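Every read-out reported here was derived from the displayed coordinates using simple, explicitly stated rules and does not represent laboratory data. Remember, predicted model here, so these are calculated numbers, not experimental data. Here the Cβ positions follow ideal geometry from the backbone for every residue, glycine too, while neighbour counts run over all protein chains shown.
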Amino acid sequence: MNARRHTQFSFLSPLTGKFWLLALMLSVIMLAGCTEIGNMQEQPKHQKPYDESETFGAAAQDLDPNAIPVGFLREDAHLYTGRVGGELVDTFPMELTEDMILEGKRLYEGFCAPCHGYSGYGDGVVAKEGFREPASYHSDQLRAQPVGHFYEVITNGQGTMYSYASRIAPEDRWAIVAYIRTLQLSQHASLEALPDDIKADFGSSDAATDALSEMSGSLGETDE
Ligand code: HEC
């Protein structure tokens with residue numbers, strides 16, 4: 001078996017020997033042809049980017065204004081702009097998870113809380129020091145805004161608030177939006193929204209129900 005395999009693939013067999021010889025002769029002829037036929041070795045050569053070029057003016061060409069660097073083709077409008085077909089979206093472009101909300105909390109507290117306050121009432125330390133006070137997230141108007149609005153403000157800035165596009169990656173911006181929604185819910189949850197077992201604890205006492213709805217009602221009116 002071994003011996004057979006050896007003869008089958010031998011490069012020294014009489015037939016393959018001729019083949020190699022033919023291949024060598026052909027390549028010698030073809031290589032010789034290069035200097036005769038093609039004149040690529042005589043075409044103008046530019047050593048430096050701004051060398052003059054008869055064809056283009058300068059050797060280095062401007063990038064096409066529509067050129068997109070590899071890895072930056074941001075096709076997913078939902079994820080990258082918060083709009084689809086020009087309309088602000090009211091859904092997240094990824095699945096919401098607890099980890100995402102916790103990451104959003106961490107980022108919110110680092111980037112946004114200094115002005116917007118830890119709970120989102122617009123009462124951060126910077127605002128207290130005289131910077132324009134942002135609106136509270138707990139107004140009916142901002143509760144009604146689709147998530148795309150929050151994403152868009154983080155991305156492009158708004159009024160005196162600057163853009164965070166260069167500092168916070170798109171996925172992280174959505175995590176912050178998820179946390180803002182969590183903050184809004186934390187200040188404006190109806191008793192109905194509670195899980196059944198917790199609701200039962202409250203539901204037994206009318207007083208607790210009244211107290212809770214009164215509380216969320218008054219918090220909702222903090223702004224405006
Ligand atoms: C330096 C202070 C400052 C920081 C930091 C800041 N903001 Fe703002 N933000 C403002 C101010 C001021 C406004 C109101 C802008 C205006 O209308 O002139 C605002 C407006 C907004 C609005 C628009 C609310 C509306 O009325 O529609 C959103 C949403 C928002 N900020 C989210 C964020 C998020 C999220 C972060 C963190 C990534 C953040 N901001 C960081 C100051 C800040």
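Within the straight-line cut-off of under 30 Å between alpha carbons, the lysines reachable from Lys128 are Lys105, sequence neighbours fewer than 8 places apart in one chain being disregarded. Relative to the current alpha-carbon distance between Ser190 and Asn156, full extension at 0.36 nm per residue lengthens the span by 9.0 nm.
Protection proxy ranking of 85-97, 172-184, 144-156, 15-27, by the mean of other Cβ atoms within 10 Å over each peptide's residues and highest first, is 172-184, 144-156, 85-97, 15-27.
Remark: Arg132, Arg83 ranked as Arg132, Arg83, counting other beta-carbon atoms within 10 Å and listing the fewest first.
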